[in-house]
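Just below is one structure, and these are the notes that go with it.
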Amino acid sequence: MTGSLAGRRLVLLVPTLLGVVTLVFAFLHLVPGDPVEIMLGETAAPADVAALRRDLGLDRPLPAQYARFLVRAARGDLGQSIAFRTSVTRAVAGRYPATLELAGAAFILALGMALPLGIAAALRPGSAVDRSVRLASLAGACLPGFWLGPLLILLFSLRLGWLPVSGRGGLAHLVLPATTLGLGMSAILVRLVRTSMIVALGEDYVRSARAKGAPEWRVIAVHALRNALLPVTTVAGLQAGALLAGAIITETIFAWPGLGRLLVQAIDARDYPLVQGCVLAIGLTYVGVNTATDLLHRAIDPRLRDAR
Amino acid sequence: MRLAALAALSGMLAACGEAPVPPAGLVLALQSDPHSLDPRFGTDANAARLADLLHVALTRPDAAARRRPDLAASWEVRDPLTIVFRLRSDFHFADGARVEANDVRATYLAVLDPALASPKRAALAVLSSIDAPDPTTVVMHLREPHAPFLDATGLGILPAARARDRGEVTVGAGPFRVVRAERGERIVLEPNPGYPGGPPSLHPLVVRIVPDEVVQVLELARGGVQLIEDAPEPEMVEWLARYPHLVVRRSPGTSVHYLAFNFRDPHLARRRVREAIALALDRDALVRFILGGAARPASGLLAPEHWAYTPLPTRRRDLARARRLLDRAGYPDPDGAGPLPRFRLIYKTSNQPGRRRLAEAIQAALAQVGIALEVRTYEWGTLFADVRSGNFQLCALAWVGIGDPDLYYLAFHSTMHPPAGYNRGGYASPVMDRLTESGRRELDLERRRVIYARVQRRAARDLPVVPLWWEDRIVVQSRRLRGFEPSPDGDLHGLTRAWMEAGDAARAPDGPPEELNAQ
């Protein structure tokens with residue numbers, strides 16, 4: 001059943017990515033700005049401009065350019081970056097690990113904070129712990145990354161001197177950008193975990209488990225949490241995709257050499273093939289994460305495994 | 001106890017990072033990744049800065065924008081169509097091979113080859129052929145007498161065997177060579193051991209790409225970066241000046257900011273209207289409040305340091321005269337001091353914060369003489385496309401790194417509309433055409449100076465643009481960095497003979513630039 005689900009999702013992947021790429025292609029060509037003029041400079045000879053435009057296939061009608069891009073992409077060839085004069089696949093592959101590292105760390109951090117805090121708040125609703133967690137999560141959800149990032153740098157790098165300001169290096173370099181990126185997601189998940197746990201802890205099966213004498217940790221971790229995790233995984237999956245979009249700002253603040261910054265540079269230079277390559281990579285990741293979320297859902301909830 | 005544990009944890013985290021830069025090394029921050037480290041392809045400002053460190057060219061500009069010998073020990077204009085360069089024999093590529101005339105010839109021919117699609121090709125269009133009769137002589141033949149051609153001899157030289165490679169070639173004979181280029185993150189350079197006069201002392205020179213201005217400033221404060229050449233916002237400069245390990249150095253710059261008019265607009269085609277706009281602006285106040293005083297009000301495009309500069313009076317703010325000029329231009333104020341404007345204009349600018357502030361200041365100034373300005377902000381690529389296609393009325397732009405005064409031909413000659421040149425506003429004057437044509441044909445420097453004095457006076461009279469200010473260069477550097485002289489156009493060649501002093505040097509750095517925190 002899981003295999004057929006993965007197959008169905010893979011089939012759906014094609015029209016989804018086609019839609020994304022088509023929209024990006026259309027919008028990008030609607031925006032003013034010419035990559036050849038940006039590349040050759042303002043005073044390039046018209047003959048040189050025409051020759052390069054011909055080389056890059058930009059002299060063809062838009063539908064022809066679009067068809068050419070699709071045919072090449074189907075063969076795994078995303079073309080050449082106009083601005084960086086290198087293959088788009090190589091440029092994207094060079095930056096992708098950094099974005100994955102940042103988004104992955106932010107995701108783990110967000111879940112690592114949301115689960116214990118959400119559970120702690122749910123165990124004693126209305127207590128001081130619950131109120132503090134709710135207040136902190138509200139604040140976390142309201143702080144934009146472009147403000148939070150420099151604030152964290154001021155505190156942890158300049159005032160305390162514990163962490164580097166920016167750049168990608170080891171674990172130390174990852175802490176502040178991952179916190180900046182993951183805090184907003186964590187704030188949303190804390191509230192969701194809390195609510196789901198409160199509902200789950202009030203269910204009959206929890207009362208039954210307690211009546212049977214199950215230890216409290218088992219009641220919470222096995223009986224309540226497993227059921228409470230269903231909505232959490234759905235939202236976490238969607239949020240993981242959003243982390244990739246949020247990474248654009250965080251990567252700029254922390255000088256993190258990821259896909260988001262490459263995308264911004266590509267848009268500035270009207271580097272059409274590179275923009276399409278970046279968006280394709282982000283789209284693939286988004287769809288991949290959501291497929292993984294669906295599979296996880298089925299692993300957690302046996303009822304879904306049997307559903308057609 | 002908890003603090004000690006946290007400190008220990010942070011130590012462990014830091015240990016997981018990459019090795020710190022050695023004491024003799026320097027970390028420099030740039031805001032954007034250079035598109036290429038190859039002199040045949042790089043056209044953005046940061047590519048030019050790094051090309052200067054990696055490659056040697058026949059000539060390089062001095063502070064007055066005159067060409068000075070670099071790889072060429074000397075040159076001789078044998079006749080108006082022939083220039084002979086005598087090369088030095090002590091330059092070596094980073095791989096140890098000597099730089100010879102054949103390398104120069106191969107590099108120039110490669111750039112001229114349309115198949116390579118080099119953006120530098122247009123600048124060499126006047127070059128008809130190039131000979132290398134012996135290893136230290138290069139002879140260039142031009143199609144026509146063309147004084148600005150020497151500017152094109154700033155092209156970095158590649159080894160002949162690599163000159164036609166379609167991929168990026170970074171092997172050069174400049175003071176540094178590339179060790180590692182992690183695009184979007186950092187470029188690590190080390191001294192070129194074969195550099196004449198001995199390799200540079202900075203070892204390594206790390207160029208970090210830090211796009212956010214605030215983070216650049218925080219890195220400087222923390223010590224993760226030791227030099228920035230792109231001036232941050234004035235209030236951040238003041239904040240940095242308080243750090244004892246940093247020095248903020250200010251020196252006159254050559255970048256000029258100006259207000260451009262579109263002559264196709266019926267209002268702006270009238271000289272009186274353009275002059276009224278120039279008179280409505282208080283440039284001293286703009287410099288003081290928008291740039292924190294870090295600029296000089298400009299009288300023309302060329303800064304006073306430029307060899308072709310001619311002193312001209314700067315128009316001071318005169319609202320009464322501006323209003324009279326608008327009346328005489330046929331635009332009387334419909335309701336005196338009332339809210340109705342004489343006419344409306346659209347001002348296009350980029351969405352950069354400083355640009356938006358300037359737009360608001362100009363809007364307020366023009367409102368005082370009865371011109372209603374609608375400000376529209378755009379992302380840079382969109383704005384530039386509009387400006388190039390003449391789809392604007394008013395906009396503010398800047399010229400960075402002005403070399404030969406032939407810029408006046410490219411910007412103001414009536415045939416130089418994009419894509420041929422930079423005359424985006426459609427200005428046309430037979431006098432300006434004649435003068436700028438003779439300026440590019442004349443090879444004698446003194447006679448050219450006379451011609452360009454007339455060109456500048458004509459531009460000040462006709463006002464195809466209103467020069468606003470020459471922006472100062474503000475460099476923030478570690479107090480340990482010694483021997484570095486910031487250049488007026490922001491190139492990094494001064495790092496060739498710079499070094500890092502050991503320990504916490506308390507002395508101020510050398511050099512004439514004004515120090516904001518020297519006391």
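The values are calculated or read from the model by the stated rules, or taken from the named source; none is laboratory data. Predicted, not measured: the structure shown is a model, and the values here were computed from it. Counting neighbours? That spans all protein chains shown, and the Cβs are built from the backbone with ideal geometry, glycine included.
Figure legend. Inter-residue proximity from segment A:257-273: first residues under 19 Å from B:Ile187 (Cβ atoms), second residues of a type in the set (Asp, Glu) and assigned to a helix (DSSP H, G or I), beta-carbon distance below 7 Å, spacing 6+ or different chains. Indicated pairs: A:Gly258/A:Glu251; A:Arg261/A:Glu251.
Out of A:Ala172, A:Ala211, A:Ala200, one residue alone is over 30 Å from B:Ile187 (Cβ atoms) and either out of contact with any helix residue (DSSP H, G or I) (no Cβ under 7 Å at 6 or more places or on another chain) or within 14 Å of another protein chain (Cβ to nearest Cβ) (or both). It is A:Ala211. Against the conditions (1) more than 14 Å from every other protein chain (Cβ to nearest Cβ); (2) in contact (Cβ under 8 Å) with a residue 12 or more places away in the chain, A:Ser132 satisfies every one except (2). Note on segment B:45-70: among residues that are free of Cβ contacts under 8 Å to residues at least 24 places away in the same chain and assigned to a helix (DSSP H, G or I), the one that is farthest from B:Lys120 (Cα to Cα) is B:Asn46. Among the residues of segment B:242-263, is there at least one that is assigned to a helix (DSSP H, G or I) and surrounded by fewer than 22 Cβ atoms within 10 Å (Cβ to Cβ)? Within segment B:242-263 (the criterion being assigned to a helix (DSSP H, G or I) and surrounded by fewer than 22 Cβ atoms within 10 Å (Cβ to Cβ)), the answer is no, since none of the residues qualifies. Does A:Ala110 count as of a type outside the set (Asp, Glu) and touching a helix residue (DSSP H, G or I) at 6+ places or on another chain (Cβ under 6 Å)? When the stated conditions are applied, A:Ala110 passes them. When A:Ser81 is tested against (1) more than 14 Å from chain B (Cβ to nearest Cβ); (2) in contact (Cβ under 8 Å) with a residue 60 or more places away in the chain, exactly one condition is not met: (1). Number of residues in segment B:488-500 that are crowded, with 17+ Cβ neighbours inside 10 Å and of a type outside the set (A, V, I, L, M, F, W, C): the value is 5.
Applying the criterion of at least 2 residues that are modelled with pLDDT under 80 and touching a Phe, Trp or Tyr at 6+ places or on another chain (Cβ under 6 Å) to the helices (runs of 4 or more DSSP H) found wholly in segment A:1-77 leaves an empty list. One residue stands out in segment B:210-236 among those that are under 19 Å from A:His173 (Cα atoms) and acidic (Asp, Glu): the one that is farthest from the other protein chains (Cβ to nearest Cβ), namely B:Glu213. So is B:Asp113 surrounded by 20 or more Cβ atoms within 10 Å (Cβ to Cβ) and acidic (Asp, Glu) or not? For B:Asp113, the condition - surrounded by 20 or more Cβ atoms within 10 Å (Cβ to Cβ) and acidic (Asp, Glu) - is not met. Considering segment A:56-70, the residues that are aliphatic (A, V, I, L, M) and surrounded by 16 or more Cβ atoms within 10 Å (Cβ to Cβ) include one that is farthest from A:Ala26 (Cα to Cα), namely A:Leu56. Scan segment B:129-153 for residues that are of a type in the set (Gly, Ala, Ser) and modelled with pLDDT of 95 or more and the total you get is 2.
Restricting to segment A:204-222, give me the number of residues that are modelled with pLDDT of 85 or more and either crowded, with 19+ Cβ neighbours inside 10 Å or closer than 23 Å to A:Leu111 by Cβ (or both). Summing the residues that are modelled with pLDDT of 85 or more and either crowded, with 19+ Cβ neighbours inside 10 Å or closer than 23 Å to A:Leu111 by Cβ (or both) in segment A:204-222 gives 7.
So, in segment A:249-271, how many residues would count as being polar (S, T, N, Q) and at the interface with chain B (Cβ under 10 Å from one of its Cβ atoms)? Of the residues in that region, 2 qualify. Per the listing B:Phe41, B:Phe85, the residue uniquely on the phi < 0 side of the Ramachandran plot and in a loop (DSSP other than H, G, I, E, B) is B:Phe41.
Within segment B:426-459, the set of residues being surrounded by 20 or more Cβ atoms within 10 Å (Cβ to Cβ), out of contact with any Leu (no Cβ under 7 Å at 6 or more places or on another chain) and more than 14 Å from chain A (Cβ to nearest Cβ) comprises B:Tyr427, B:Met432, B:Leu435, B:Thr436, B:Gly439, B:Arg448, B:Tyr452, B:Ala459. Of all residues assigned to segment B:169-181, none qualifies as being within 14 Å of another protein chain (Cβ to nearest Cβ), free of Cβ contacts under 8 Å to residues at least 60 places away in the same chain and surrounded by 22 or more Cβ atoms within 10 Å (Cβ to Cβ).
Scanning segment B:355-407 for residues that are within 13 Å of chain A (Cβ to nearest Cβ), free of Cβ contacts under 8 Å to residues at least 24 places away in the same chain and of a type in the set (Asp, Glu) gives no hits.
Among the residues examined, B:Gly184 does not qualify as closer than 16 Å to B:Arg40 by Cβ, within 12 Å of another protein chain (Cβ to nearest Cβ), in contact with a Lys or Arg (Cβ under 8 Å, 6 or more places away or on another chain) and not in a helix (DSSP H, G or I).
Yes or no, residue by residue, for (1) part of a helix (DSSP H, G or I); (2) within 30 Å of A:Ala281 (Cα to Cα); (3) at the interface with chain B (Cβ under 10 Å from one of its Cβ atoms):
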position	(1), (2), (3)
A:Ile119	yes, no, no
A:Phe146	yes, yes, yes
A:Ala178	yes, yes, no
A:Ser186	yes, yes, no
A:Thr195	yes, no, no
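Restricting attention to segment A:230-248, does a residue exist that is of a type in the set (A, V, I, L, M, F, W, C), assigned to a helix (DSSP H, G or I), within 14 Å of chain B (Cβ to nearest Cβ) and on the phi < 0 side of the Ramachandran plot? Checking segment A:230-248: at least one residue is of a type in the set (A, V, I, L, M, F, W, C), assigned to a helix (DSSP H, G or I), within 14 Å of chain B (Cβ to nearest Cβ) and on the phi < 0 side of the Ramachandran plot.
Does at least one position in segment B:71-88 carry a residue that is touching a Lys or Arg at 6+ places or on another chain (Cβ under 9 Å), in contact (Cβ under 8 Å) with a residue 60 or more places away in the chain and crowded, with 20+ Cβ neighbours inside 10 Å? Yes. Test B:Arg344 against the stated conditions and say whether it is in contact with a strand residue (DSSP E or B) (Cβ under 7 Å, 6 or more places away or on another chain) and farther than 30 Å from A:Ala83 by Cα. Answer is yes for this residue.
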